[in-house]
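As structure tokens, the structure follows; a few thoughts come after it.
Every read-out reported here was derived from the displayed coordinates using simple, explicitly stated rules and does not represent laboratory data. These figures come from a predicted structure and were not determined experimentally. Every residue, glycine as well, gets a Cβ built from its backbone with ideal geometry; the counts of neighbours run over all protein chains shown.
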Number of protein chains: 2
Amino acid sequence: MARRIVVIGGLAAGPSAASKAVRVNPDVEVLLFEQGENVSYAICEIPYFIAGEVKKEELIAYTPRTLKEKKGVNVRVWHHVEAINPTRRSVVVRDLKTGAKLEEHYDRLIIATGSCSRMLGVKGENARNVFHVKTLVHGLQIRDFIESAKPKKAVIIGGGYIGMEMAEALRGEELEVTMLHRHSLPMEGLERGTRERVREELEKHGVEFVANVHTEGFVVDKDQKVTHVVTTNGSYEADLVILSLGVTPNNEVARRAGIRVGASGGILTDQRQLTNIDNIYAAGDCCEVKNIVNNRQMYLPLATIGSRGGWVAGENAAGGKAIFAGAIRAIAVKVFGIEVAQVGISSEEARNSGFDVAAETISAWSRVAIMPGSTKVTIITIADKKTRRLLGANVYGEEGAVLRANTLAVGIQHRMTIDVMQQWDLVYSPPFAPLWDPILVAANATRKRL
Amino acid sequence: MARRIVVIGGLAAGPSAASKAVRVNPDVEVLLFEQGENVSYAICEIPYFIAGEVKKEELIAYTPRTLKEKKGVNVRVWHHVEAINPTRRSVVVRDLKTGAKLEEHYDRLIIATGSCSRMLGVKGENARNVFHVKTLVHGLQIRDFIESAKPKKAVIIGGGYIGMEMAEALRGEELEVTMLHRHSLPMEGLERGTRERVREELEKHGVEFVANVHTEGFVVDKDQKVTHVVTTNGSYEADLVILSLGVTPNNEVARRAGIRVGASGGILTDQRQLTNIDNIYAAGDCCEVKNIVNNRQMYLPLATIGSRGGWVAGENAAGGKAIFAGAIRAIAVKVFGIEVAQVGISSEEARNSGFDVAAETISAWSRVAIMPGSTKVTIITIADKKTRRLLGANVYGEEGAVLRANTLAVGIQHRMTIDVMQQWDLVYSPPFAPLWDPILVAANATRKRL
């Protein structure tokens with residue numbers, strides 16, 4: 001039984017793990033190190049903070065003090081773990097305020113070091129008006145900059161989830177927005193039809209979407225501010241630049257200790273969240289997770305996965321026997337007026353995983369067609385011809401897309417066939433769902449492809 | 001192989017069956033008799049027609065002519081089937097316009113005679129300003145009456161689904177609405193918490209809900225109009241009376257032919273929709289259906305069940321081998337500002353079916369709590385302590401209740417345990433769903449009751 005559990009990382013999976021450990025075994029001592037100032041805040045809501053829809057205070061879930069008082073977790077902020085010494089079962093920690101270096105013993109260690117923003121690797125990306133959207137501090141900085149510098153032109157580099165949310169936030173603040181993307185369509189990983197619809201929605205709301213473009217550099221003025229983004233497709237004026245290039249697992253301290261990582265760089269764990277080294281667990285955005293649709297490892301830095309992994313790591317570090325079997329991928333984003341969701345694997349992943357793919361696209365009414373407010377929901381299904389299983393789906397539309405994706409997610413997670421799904425008994429109610437819900441329309445159409 | 005298929009009833013299951021028969025076997029001749037003027041119209045949308053939200057033309061799915069042209073079904077309206085003669089394989093049909101009586105041969109017969117409105121059995125219920133909400137004609141009559149007579153006070157007798165929809169429709173037309181109900185709370189069959197919330201919503205929107213009251217009669221003036229509804233709780237003024245007392249299966253012609261019916265009076269069929277008599281199928285609101293949660297027969301006159309049953313009856317009558325395994329019950333209604341859904345069986349049904357019931361109620365945010373527009377969704381779960389299966393659920397709230405009920409419906413239909421459901425990988429996206437979707441909050445809380 002563990003006496004002392006050390007947790008590295010205080011944002012999401014770390015506090016989940018730490019709290020769970022105390023909850024399942026009040027006898028353990030849990031010590032959490034966080035290199036920044038804040039712990040446990042709402043990171044996915046930061047674009048909505050920038051948009052002015054939520055307040056700063058609302059973002060903070062726990063402070064170091066409330067994490068101690070309410071959850072029994074000892075927290076040290078401004079402490080950076082520099083090294084793990086598995087043979088001595090200790091970590092080397094730098095107190096960033098004093099510079100002091102200390103060694104702390106652990107019986108069990110939980111690594112929850114999260115992720116790092118991808119960089120462009122070009123000069124000027126550290127200029128004063130270039131921002132990532134990764135931490136609470138970034139959120140505050142961007143909000144301050146908008147209020148004080150009153151920028152007019154924003155360039156968003158990267159057309160993924162954060163790019164979408166930032167485009168909407170900045171358009172809401174009346175900025176001109178140009179989005180530079182290295183692919184022909186935004187939102188890589190989604191199906192072509194979905195991505196085309198997203199581009200259309202961006203353009204409909206005044207975002208200039210520039211496809212197939214690479215950023216080569218920045219023109220920086222003497223105030224250390226970018227004035228132009230220089231690309232393979234010419235130069236774009238900018239008062240504000242957002243870098244939303246995705247993230248990579250923060251695996252440095254783990255790798256140096258000999259902990260194995262996967263192809264993405266994410267730490268590999270078993271279903272107990274145990275790494276290849278005894279007594280060392282990992283959870284959250286620093287890890288890979290098993291995709292239970294194709295049984296392959298994937299890197300999917302999501303709060304849901306981090307929390308579940310954190311719980312399991314915390315419970316097991318405290319002496320329990322919890323299991324996290326993996327994830328299917330269930331993600332969604334609001335792109336101005338539409339909901340966009342993806343569940344399961346993409347057609348490309350399905351092909352790469354050796355499935356014999358049948359894909360189908362349907363558009364059907366969200367409510368009874370003749371009811372006021374009814375709009376079309378589009379469902380793209382990805383099925384396997386051999387087993388007739390649903391492997392993945394994209395769902396988008398003005399309403400009722402995300403929650404329908406969740407219903408499909410259950411079918412995917414439980415390896416149901418399209419035939420079984422076609423027999424689902426779902427609600428028909430004129431203001432909410434038609435006689436044949438779009439899900440059933442999709443199942444019916446997909447069957448004909450199998 | 002059937003040569004001639006006769007269908008009795010032209011509203012929902014009848015046309016479904018007839019169309020399907022032609023589709024699977026173009027060689028059959030299909031002849032459909034309908035005693036009224038109209039076939040195949042949107043019946044569930046009639047309250048919304050009365051509310052002025054949809055137009056009359058929009059309600060008509062097929063006319064007798066288009067059913068012939070597009071689906072290959074021969075239709076005779078104003079034809080009432082008076083008798084079935086199984087030994088002669090014929091039906092006796094009355095042409096209601098000429099009064100002529102004819103005998104028509106069938107190779108296969110499909111009974112889709114639907115349901116009848118329940119009556120009060122008191123004098124005055126046939127007065128000119130007393131209406132059921134069962135047919136297109138009723139809808140037109142009510143709309144006409146509102147427009148021409150400009151009633152001020154409406155009394156709705158019956159607090160079920162149609163009562164809810166009519167209360168909203170009539171309040172929208174600025175009528176004072178009193179709802180008389182024989183139970184203490186509206187919406188029998190739902191859980192107590194749901195029913196209390198529904199009553200609250202009715203009252204919030206100015207509907208006077210009178211509980212535990214029985215209608216004893218009507219005061220009818222010399223114009224043959226009701227002026228007062230006389231009840232066990234005094235007398236209520238009325239310019240317009242709606243009777244929404246539910247429906248019973250229209251089994252008369254079937255029973256007289258020796259076709260077996262269940263406790264509710266609904267025709268009993270097997271999974272092929274075959275009755276106890278050779279070559280005679282039945283489908284729709286005249287039938288019972290198997291509840292696949294508790295494996296008991298139930299009477300549940302829903303369009304979804306009628307259509308599925310119709311398809312199966314049509315396919316099999318035309319020589320196919322289709323199966324309709326049964327339904328779980330998936331229903332929803334809009335009650336002014338809230339969505340109310342029920343999936344699976346109620347706690348009472350569960351107890352009566354011998355389950356060891358654990359019930360739990362949770363309220364959780366529909367979106368991330370701090371996002372604008374987030375409201376609470378309430379989920380009431382009904383689980384079996386022994387098998388840990390979810391048996392049923394009520395879901396209600398201002399948004400995201402019905403589609404979440406559909407996700408739970410899949411869990412119920414596939415006999416999943418609460419433990420399995422707690423591991424569902426669902427979407428987290430601030431504008432649409434919190435980190436832990438209300439479904440997962442409900443699963444988590446329910447586990448603690450098991």
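What is the dipole size for the protein assembly as shown, taken about its Cα centre, with +1 at each Lys and Arg Cβ and -1 at each Asp and Glu Cβ, in debye to the nearest 20?
The calculation lands at about 2400 debye.
Tell me whether the protein assembly as shown comes out rounded, prolate or oblate; compute the Cα gyration tensor, take square roots of the eigenvalues as a ≥ b ≥ c, and use a/c under 1.5 as the rounded threshold.
Because a/c hits 1.5 or more and a/b exceeds b/c, the protein assembly as shown counts as prolate.
Taking only C-alpha pairs under 8 Å that are 6+ residues apart, what is the relative contact order of the range B:337-447 in percent?
32
If R₀ is 35 angstrom, what is the calculated FRET efficiency for the pair residue A:351 and residue A:323, using the beta carbon separation as r and rounding to 0.05?
Using R0 = 35 Å, I get an efficiency of 0.70.
In the range A:344-386, which trypsin sites (Lys or Arg not before Pro) are in a loop and have at most 13 other Cβ atoms within 10 Å, using DSSP for the loop call?
Sparse-neighbourhood loop trypsin sites (Lys or Arg not before Pro): A:385, A:386.
Between residue B:235 and residue B:422, what length in nm is gained on full extension when 0.36 nm per residue of separation is reduced by their alpha carbon distance? The partial results should precede the final answer.
On the way: separation 187, 0.36 × 187 = 67.32 nm, distance 5.14 nm.
Gain on stretching residue B:235 to residue B:422: 62.2 nm.
Of A:427, A:207, A:81, which has the largest mean-square fluctuation in a 10 Å C-alpha GNM of chain A?
Highest fluctuation of the listed residues: A:427.
Considering chain A as a Gaussian network with a 10 Å cut-off on Cα pairs, which listed residue, A:263, A:364, A:393, attains the greatest mean-square fluctuation?
Its mean-square fluctuation being the largest, the pick is A:263.
Of B:20/B:97; A:97/A:152; A:448/B:134; B:68/B:97, which pairs sit farther than 32 Å apart, going by alpha carbon to alpha carbon?
Details: B:20/B:97 29 Å; A:97/A:152 37 Å; A:448/B:134 36 Å; B:68/B:97 21 Å.
Violating the 32 Å limit, Cα to Cα: A:97/A:152; A:448/B:134.
Which distance in nm do the two modelled labels at residue B:263 and residue B:105 give, with both placed 7 Å along the Cα-to-Cβ direction?
4.3
Could you check which residue among B:51, B:409, B:369 shows the biggest mean-square fluctuation in a GNM of chain B with a 10 Å Cα cutoff?
B:369
According to the square roots a ≥ b ≥ c of the eigenvalues of the Cα gyration tensor, what is the shape class of chain A, taking rounded for a/c under 1.5, prolate for a/b larger than b/c otherwise, and oblate for the remainder?
Oblate is the answer for chain A, as a/c is 1.5 or above yet b/c matches or exceeds a/b.
Filter the trypsin sites (Lys or Arg not before Pro) in the range A:47-122 to those in DSSP coil with at most 13 other Cβ atoms within 10 Å of their Cβ, and list the result. Don't skip to the end; give the middle numbers.
On the way: sites: A:55, A:56, A:65, A:68, A:70, A:71, A:76, A:88, A:89, A:94, A:97, A:101, A:108, A:118; in loops: A:55, A:88, A:89, A:97, A:118.
Sites meeting the loop and neighbour criteria: A:55, A:88, A:97.
Extending each Cα 7 Å along its Cβ direction at residue A:272 and residue B:55, get the distance between those two points in nm, one decimal.
Output for this residue pair reads 6.9 nm.
If you take the beta carbon distance between residue A:361 and residue A:415 as r and set R0 to 30 Å, what does 1/(1 + (r/R0)^6) give as a FRET efficiency, to the nearest 0.05?
Here the calculated transfer efficiency is 0.85.
Under the classification rounded if a/c is under 1.5, otherwise prolate if a/b is larger than b/c and oblate if not, where does the range B:1-144 fall, given a ≥ b ≥ c as square roots of the Cα gyration tensor eigenvalues?
Taking the square roots of the gyration eigenvalues as a ≥ b ≥ c, the range B:1-144 is oblate.
Going Cα to Cα from residue B:150, which lysines come in below 18 Å? Please leave out same-chain ones fewer than 8 positions away.
Answer for residue B:150, where 18 Å is the Cα cut-off: B:225, listed by chain and number.
Okay, which of the range B:405-419 sit inside 13 Å, backbone N to the point 7 Å along the Cα-Cβ direction of residue B:449?
B:418
Return the calculated 222 nm mean residue ellipticity for the protein assembly as shown, to the nearest 500 deg cm²/dmol, obtained by summing -39500 (n - 2.57) across DSSP H runs with n ≥ 4 and dividing by the residue count.
Per the formula, -7500 deg cm²/dmol.
Could you check the spin-label model distance between residue A:369 and residue B:369? Points 7 Å from the Cα along Cα→Cβ, value in nm.
Inter-label distance under the simple model: 4.4 nm.
Per residue of B:370-377, what is the mean number of Cβ atoms on other protein chains within 10 angstrom of that residue's Cβ?
Rounded to a whole number, the mean comes out at 3.
If you take every residue apart from residue A:273 with its C-beta less than 13 Å away from the C-beta of residue A:273, what net charge results, scoring Lys and Arg +1 and Asp and Glu -1?
With Lys, Arg at +1 and Asp, Glu at -1, the net is +3.
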